[in-house]
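Below: one structure, written as structure tokens.
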There are 4 protein chains.
Amino acid sequence: MELWNQYETVRSRSANICAPLKTEDYVVQPVVDVSPPKWHLGHTTWFFETFLLKPNVPGYTEFDPDYNFVFNSYYESVGARVIRTNRGNLSRPAVEDIMRYRQHVDAAMRDFLQGGLTPEQQALATLGLHHEEQHQELLYTDIKYILGHNPLFPAYDRHRVPAPAIPPQGPELLSIPEGVYEIGYAGEGFCFDNEQQRHRVYLQPYRISTRLVTNGEYLAFMEAGGYSSFRHWHAEGWDWVRQQQVSAPLYWHQVDGQWMYYTWQGLQPVAWDAPVCHVSYYEAAAYAAWKGMRLPTEFEWEAAAPQLQWGQRWEWTESAYLPYPGFIKAPGAIGEYNGKFMVNQQVLRGGSEVTSPGHSRITYRNFFHPHLRWQFMGIRLAGN
Amino acid sequence: MELWNQYETVRSRSANICAPLKTEDYVVQPVVDVSPPKWHLGHTTWFFETFLLKPNVPGYTEFDPDYNFVFNSYYESVGARVIRTNRGNLSRPAVEDIMRYRQHVDAAMRDFLQGGLTPEQQALATLGLHHEEQHQELLYTDIKYILGHNPLFPAYDRHRVPAPAIPPQGPELLSIPEGVYEIGYAGEGFCFDNEQQRHRVYLQPYRISTRLVTNGEYLAFMEAGGYSSFRHWHAEGWDWVRQQQVSAPLYWHQVDGQWMYYTWQGLQPVAWDAPVCHVSYYEAAAYAAWKGMRLPTEFEWEAAAPQLQWGQRWEWTESAYLPYPGFIKAPGAIGEYNGKFMVNQQVLRGGSEVTSPGHSRITYRNFFHPHLRWQFMGIRLAGN
Amino acid sequence: MELWNQYETVRSRSANICAPLKTEDYVVQPVVDVSPPKWHLGHTTWFFETFLLKPNVPGYTEFDPDYNFVFNSYYESVGARVIRTNRGNLSRPAVEDIMRYRQHVDAAMRDFLQGGLTPEQQALATLGLHHEEQHQELLYTDIKYILGHNPLFPAYDRHRVPAPAIPPQGPELLSIPEGVYEIGYAGEGFCFDNEQQRHRVYLQPYRISTRLVTNGEYLAFMEAGGYSSFRHWHAEGWDWVRQQQVSAPLYWHQVDGQWMYYTWQGLQPVAWDAPVCHVSYYEAAAYAAWKGMRLPTEFEWEAAAPQLQWGQRWEWTESAYLPYPGFIKAPGAIGEYNGKFMVNQQVLRGGSEVTSPGHSRITYRNFFHPHLRWQFMGIRLAGN
Amino acid sequence: MELWNQYETVRSRSANICAPLKTEDYVVQPVVDVSPPKWHLGHTTWFFETFLLKPNVPGYTEFDPDYNFVFNSYYESVGARVIRTNRGNLSRPAVEDIMRYRQHVDAAMRDFLQGGLTPEQQALATLGLHHEEQHQELLYTDIKYILGHNPLFPAYDRHRVPAPAIPPQGPELLSIPEGVYEIGYAGEGFCFDNEQQRHRVYLQPYRISTRLVTNGEYLAFMEAGGYSSFRHWHAEGWDWVRQQQVSAPLYWHQVDGQWMYYTWQGLQPVAWDAPVCHVSYYEAAAYAAWKGMRLPTEFEWEAAAPQLQWGQRWEWTESAYLPYPGFIKAPGAIGEYNGKFMVNQQVLRGGSEVTSPGHSRITYRNFFHPHLRWQFMGIRLAGN
């Protein structure tokens, strides 16, 4: 029963995020990393239908067998799928069809969740909700990308109040002593497989900033020629800067000599005291090098987190996304959730203004390729 | 006044073509050659606003200055434009916005067309209508591509009766005598600049089929291994076959051992007596070579046309798209209409079931790159 | 016996062209259109071995069976081949191996050619010599590309005297009357299949320049902003200019404010009175449009040729490369020689300073894709 | 004086590696990761000229100023350079020019090294020698790639005895206890900056194989369908398998039903007891997952190394290439040596049959992108 309440809350939140959209906004995919909002709405529904209803509910009527083809994301175990770059080419199923799909699955899930579930089914249903919460953050970031790359710069919600800026203070560096620290999830509640096993890590002494780098501080890097000299960049970062002609964070535009950026309310003057956002790992690392600092490792972050101000931005760490000691991949399709992405990505810690409630905890490991910027990514400095 | 009647007829026809669509269908661009239907609706409107209303109607209020950026296609003279590959990434302007844009421009055009127009303004308005009629054919072909490449294969109109098949008859070859022929437009009515000047062409004696190649005849080529041997192909055609893994006309699918193709009514069994459609120039030329024949030149076609059955398919010719002797490019943006495409394209003659009324005449020159197939393109044989 | 003398003359000329090279120069392939010189030397030899010796000489010992794989160019009929982009990746066979290959084949050809040949064998041997002469021109142009794109700009031959410049005269335009002209090869000697059948063409009255456009005249186009405005370009030409950032003919470099170009003697100041060279079809057509003229068609060129100064540059024509009426493709591999390239290419007429003796005649049809510039290509103007 | 002896030894070893080559073999670059041998010979020489002779030897005469352009690899600090993909397009400087360049620099280095050097100069000269030793391994791997991808499969040295195979034994797993281990270089001799600082790492208990996976064991993975199911692969690894159509280690060819591989002696039957070689990180990780094991981290490897059999293959580890705690980038161009590559690469430990003497030590960190296979890379298993 409690699971059904959770289900209802999570599911309605997805719909609410899309409420300000026009039908057309649900359809497009301006770059490969962004998915059309209607795809997110269908895919999260497909997860419940595929992994819970079809195997467990006798007599359940599949909504449309072709949807398996359209809404599978990357689960190779469950058959053919539309390749990722084609998601934005599909005008059908229409938004209204997907809404009916959601209702169809929700009705069946109501009966299912209110019945007696095995612990394994409960775990899978919970995973499905966390999965949808992850896609809620993607809904926000993909919608921002879709509207923010339209030449008309339409607002998502003219009345949405921006997150309050933090008054800039000198970078207060916390000193953390050398020693063995416990890392990874230890509680009773839900966590992803990549947060386990809890294990020991030896940390050398280090310093870590209690706050994030601001737009104003980042502007100083830009004005000091940060984007025009290779000196502080990784080699691949510098190639990226030149090939993509990057000269500012994503969503920044210079209009009549003034720096503006795209926000939920449309184009606005940059708020200099707000934490810088939408920077790549390459930019974060270059900024840190320019300051004579570095990024924290994910272990340094986790060890210091109780003493830090965090939660407004995902924070790039110097750690590559790798399995923890003792990491075990679940059998079957669910095992494809995390483990197979553990190469060529960087860990981010913290959480953002668009992170769903269940996705902010000290042990949570987010991960993206180092050139990506469309998530709400920011910078925290560390040093030796 | 007559011009206003024509205007009303043409403009409402564009809207009617789109009537069976869902909002989502207006938005997507599955390949670069296909444009979103809403873009066609906006672009044809932009033509009237840019070339007639803004220069000629004092006090005309532009609907939205940003639309110039969104709806310019390739007119370099009139400023920046969204690059072609990005048309499918734009969710805004929404369909309803574009419909209001059409109403806004139509209202202004009504006043304008009902006033006293200079001959030059009349010519430009007429060109605008022919321009929109060309885009009507593109609307049909692009809608077919969008729906026909959706894994759900939705029908455009379940009740649309297919064009009647032609009973297959032996290829009746007409013999045309050697001599000097007059080619190009000579009448008083509208024609495009590329149909002029009318000029003399010397033709050697030739034979030309009175009818088009059928699906059944083309199947024989496929079953004889036409797609698996280089022998009858142009070198570039053979590269195209292998790189794109082409093995049948566009929209053909083998389902449970039966050949189906996508039609306005959804997937249907191939009608063997209907003229083959959606083949590239490479396929047309390879088929002809396999038959020991060739394609006609555009001049041979035009000289024989009065004796031919034509109008169901655009027919690939062996002629490259080049200027006629004495061709003159109009000054200004309108001069970009045809001349600048006269390289690397092949001429097609005839017309199709989705060609607008004003676009079927013996001198009409259509043109596409040789690998393209999404237009309604067919094959007529010729020989010496 | 006379054929053997011809053979000896042609074959030794290929080796002489390469005499100034270092071993390393024989190996590289800086772009796909350029082949390594050692590949040309092997490929022309392979032609004689494959089409004459192996089918006709009992007991002939193939030099190395693997060479068929390495030295086939595009003859699909005779088996697998190294794809074109890989030619520059092959360090073996070494140059000395290829020289031994040439000697091996030459020795066998000596006996073969001095025996009694059927008319068909004679024709094929003659074709082999013309084939090698074509590759001699490619040897020159590919060597120029290899050395001219090396940052050290090494000379091919410091003592080679450049072709004398032509004193600039006002563009003397010849007027050619309207009428029916005979086009195509009619004599008894060798010609390529694409020069036939001789046939009638009706020409409207036209004017054609008796001389080629000079470097000085082309500089005026550059200085008038020819490369920075779309106005005179084909749409594909303008895309090419922007994507490739073209701003001058190939091999031109601005050094300390002075225009230099790469010649057989290394970098030299541009000779303003010499005919402009190494321009693409797009550049030739844009230049002509800027002058209010156009390029001649290949038929106009051929009809006027006896009255023209020609032979220093291949001249772009406005004609696409298409079969003449009655064109017949030879059966078997030899039939792949010309016909399969008859799409997307432009005809060039005339000949250049590096054209072999047998490849300059009024009916000769050279052909290249419109963006290519590494051949010795120039511009002649025509008008109505 | 001792430094001069070392110099002489190292420099002559580079020339010896190339002794079996033909001139043509020095020139080509079949893929971007492989450099032409002559480039390695020039680049290592350029290092001494640029970083030691030019700044420190008054009156030193640069061999050729243009060489700076040709032989700079990735040092952005020291000016323009030929982009990496163009190295194989350069026929000049010729091999004999580069040999003279080496003699010129060696003569100047002899005087320089036999004079009184500051400790900093000594360190830089030592770095230059280690740099050349790294390129010696690349010379071997690049030569193998060049010859092994030639359709003639020429031998490098027909008489070179292959490294002896190891008799297969059951995978003897060593158990290493939990605890804090010291990692990183601690001695007095030379090490690269990336091996420092020496620091403490906490390891959970783990098991590690004392030997490498053999060709025979890897064949079992292939025969069990390892390359045809996604199950054991990273997502990016599986994409790589499908896009590159990978189905065996690099250099393996199935000839008449028998597995052969390219060796220094040409094509040979695969030696089943030899350690598998030329596999990517993706293949190594998939093999380990198929065995229910994993790869060791670089820390686990280093802690266990004294008890392991190692040195025949570079061993992929599960560790991404990241800075050690306290890592300090040297100022100036030398600081570009390692730090800027610390993203998106995996660490390899151990050494191979073609590793130069100074490049095998327990703390040595080699690194490559996970898809690369042309180095002598093998697999060691680990587990929890």
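The values are calculated or read from the model by the stated rules, or taken from the named source; none is laboratory data. Remember, it's a predicted structure, so these values are computed and weren't measured experimentally. Note: ideal-geometry Cβ built from the backbone for every residue, glycine included; neighbour counts use all protein chains shown. These area figures cover heavy atoms from the full protein model, side chains too; ligands, DNA and RNA do not enter into them. Shrake-Rupley method; radii C 1.70, N 1.55, O 1.52, S 1.80 Å.
Mind listing just one residue for me: the one in segment B:317-338 that is open to solvent by less than 10 Å² (accessible area, probe 1.4 Å) and within 15 Å of the chain's Cα centre (by Cα) and, of those, farthest from C:Leu372 (Cα to Cα)?
B:Thr317
Just a yes or no: is a residue in segment B:41-64 of a type in the set (Val, Ile, Thr) and within 14 Å of another protein chain (Cβ to nearest Cβ)?
Taking every residue of segment B:41-64 in turn, none turns out to be of a type in the set (Val, Ile, Thr) and within 14 Å of another protein chain (Cβ to nearest Cβ).
Can you spot a residue in segment A:193-201 that is touching a residue at least 24 places away in the same chain (Cβ under 8 Å) and within 18 Å of A:Ala382 (Cα to Cα)?
Yes: segment A:193-201 contains one or more residues that are touching a residue at least 24 places away in the same chain (Cβ under 8 Å) and within 18 Å of A:Ala382 (Cα to Cα).
Residues of segment D:222-244 being within 12 Å of chain A (Cβ to nearest Cβ) and either among the acidic types (Asp, Glu) or closer than 18 Å to D:Leu295 by Cα (or both), which ones?
Correct list: D:Arg231, D:His232, D:Trp233, D:His234, D:Ala235, D:Glu236, D:Gly237, D:Trp238, D:Asp239.
Name the one entry in C:Tyr206, C:Tyr202 that is aromatic (Phe, Trp, Tyr) and farther than 30 Å from C:Tyr337 by Cα.
Of C:Tyr206, C:Tyr202, the one residue that is aromatic (Phe, Trp, Tyr) and farther than 30 Å from C:Tyr337 by Cα is C:Tyr206.
Here's the yes/no breakdown for (1) of a type in the set (Val, Ile, Thr); (2) out of contact with any strand residue (DSSP E or B) (no Cβ under 8 Å at 6 or more places or on another chain); (3) at pLDDT 90 or above; (4) in the same structural domain as D:Gln134 (by TED's automatic domain parsing):
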residue	(1), (2), (3), (4)
D:Arg158	no, no, yes, no
D:Pro177	no, yes, yes, no
D:Gly184	no, no, yes, no
D:Cys191	no, yes, yes, no
D:Arg200	no, no, yes, no
D:Arg207	no, no, yes, no
D:Thr210	yes, no, yes, no
D:Gly216	no, yes, yes, no
D:Ala224	no, yes, yes, no
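Consider A:Leu127 carefully, then state whether it is part of a loop (DSSP other than H, G, I, E, B) and either within 14 Å of chain D (Cβ to nearest Cβ) or out of contact with any strand residue (DSSP E or B) (no Cβ under 8 Å at 6 or more places or on another chain) (or both).
Against the criterion (part of a loop (DSSP other than H, G, I, E, B) and either within 14 Å of chain D (Cβ to nearest Cβ) or out of contact with any strand residue (DSSP E or B) (no Cβ under 8 Å at 6 or more places or on another chain) (or both)), A:Leu127 does not qualify.
Spot the failing condition for B:Ser319; the list is (1) touching a residue at least 40 places away in the same chain (Cβ under 8 Å); (2) more than 30 Å from B:Gln6 (Cβ to Cβ); (3) of a type outside the set (Val, Ile, Thr); (4) not in a loop (DSSP other than H, G, I, E, B), and only one is missed.
(1)
When you go through (1) hydrophobic (A, V, I, L, M, F, W, C); (2) surrounded by fewer than 23 Cβ atoms within 10 Å (Cβ to Cβ); (3) in a loop (DSSP other than H, G, I, E, B) one by one for A:Val28, which number turns out not to apply?
The number of the failed condition is (2).
Which condition from (1) over 28 Å from B:Val31 (Cα atoms); (2) within 19 Å of the chain's Cα centre (by Cα) is the one that A:Glu8 breaks?
Unmet condition: (2).
For segment D:40-51, indicate whether the set of residues that are in a helix (DSSP H, G or I), within 24 Å of C:Lys144 (Cβ to Cβ) and not assigned by TED's automatic domain parsing to the domain that holds D:Gly339 is non-empty.
Within segment D:40-51 (the criterion being in a helix (DSSP H, G or I), within 24 Å of C:Lys144 (Cβ to Cβ) and not assigned by TED's automatic domain parsing to the domain that holds D:Gly339), the answer is no, since none of the residues qualifies.
Is it the case, given these coordinates, that D:Trp374 is aromatic (Phe, Trp, Tyr), assigned to a strand (DSSP E or B) and either modelled with pLDDT of 95 or more or assigned by TED's automatic domain parsing to the domain that holds D:Glu137 (or both)?
no
Only residues that are of a type in the set (D, E, K, R) and either surrounded by fewer than 20 Cβ atoms within 10 Å (Cβ to Cβ) or farther than 22 Å from A:Leu174 by Cβ (or both): list them for segment A:339-384, please.
Listed by number, the residues that qualify are A:Lys340, A:Glu353, A:Arg361, A:Arg373.
Here are the criteria: (1) touching a helix residue (DSSP H, G or I) at 6+ places or on another chain (Cβ under 8 Å); (2) over 26 Å from B:Pro323 (Cβ atoms); (3) assigned to a loop (DSSP other than H, G, I, E, B). Tell me which single one C:Phe327 does not satisfy.
Here C:Phe327 meets the rest and fails (2).
Collect the residues in segment A:344-364 that are within 14 Å of chain D (Cβ to nearest Cβ), in contact with a Phe, Trp or Tyr (Cβ under 7 Å, 6 or more places away or on another chain) and assigned to a loop (DSSP other than H, G, I, E, B), keeping them in residue-number order.
The one that is within 14 Å of chain D (Cβ to nearest Cβ), in contact with a Phe, Trp or Tyr (Cβ under 7 Å, 6 or more places away or on another chain) and assigned to a loop (DSSP other than H, G, I, E, B): A:Gln345.
Among (1) open to solvent by less than 30 Å² (accessible area, probe 1.4 Å); (2) facing another protein chain (nearest Cβ under 10 Å), there is one condition B:Trp314 misses while meeting the rest; what is its number?
(2)
Conditions tested, residue by residue: (1) in the same structural domain as D:Gly358 (by TED's automatic domain parsing); (2) of a type in the set (A, V, I, L, M, F, W, C); (3) farther than 29 Å from D:Arg231 by Cβ.
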residue: D:Tyr281; (1), (2), (3): yes, no, no
residue: D:Glu302; (1), (2), (3): yes, no, yes
residue: D:Tyr321; (1), (2), (3): yes, no, no
residue: D:Ile328; (1), (2), (3): yes, yes, yes
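Give the residues of segment C:188-201 that are open to solvent by 40 Å² or more (accessible area, probe 1.4 Å) and part of a loop (DSSP other than H, G, I, E, B), sorted by residue number.
Once the filter is applied, which keeps residues that are open to solvent by 40 Å² or more (accessible area, probe 1.4 Å) and part of a loop (DSSP other than H, G, I, E, B), segment C:188-201 yields C:Glu188, C:Gly189, C:Phe190, C:Gln196, C:Gln197, C:Arg198.
Go through (1) open to solvent by less than 10 Å² (accessible area, probe 1.4 Å); (2) part of a loop (DSSP other than H, G, I, E, B); (3) of a type outside the set (D, E, K, R) and name the single condition B:Phe63 misses.
(1)
Are any residues in segment A:176-186 under 23 Å from the mean Cα position of the chain (by Cα) and either open to solvent by 60 Å² or more (accessible area, probe 1.4 Å) or more than 21 Å from A:Pro296 (Cβ to Cβ) (or both), and if so, which ones?
A:Ala186 - this is the single residue of segment A:176-186 that is under 23 Å from the mean Cα position of the chain (by Cα) and either open to solvent by 60 Å² or more (accessible area, probe 1.4 Å) or more than 21 Å from A:Pro296 (Cβ to Cβ) (or both).
Out of C:Asn56, C:Asn72, C:Asn86, I need the residue that is touching a helix residue (DSSP H, G or I) at 6+ places or on another chain (Cβ under 8 Å) and modelled with pLDDT under 95. Which one?
Matching residue, one of C:Asn56, C:Asn72, C:Asn86: C:Asn72.
Look at segment A:89-124 and say how many of its residues are at pLDDT 95 or above and within 14 Å of chain B (Cβ to nearest Cβ).
11
Give the residues of segment B:9-25 that are free of Cβ contacts under 8 Å to residues at least 40 places away in the same chain, in a helix (DSSP H, G or I) and away from chain A (no Cβ under 12 Å), sorted by residue number.
Those that are free of Cβ contacts under 8 Å to residues at least 40 places away in the same chain, in a helix (DSSP H, G or I) and away from chain A (no Cβ under 12 Å): B:Thr9, B:Ser12, B:Asn16.
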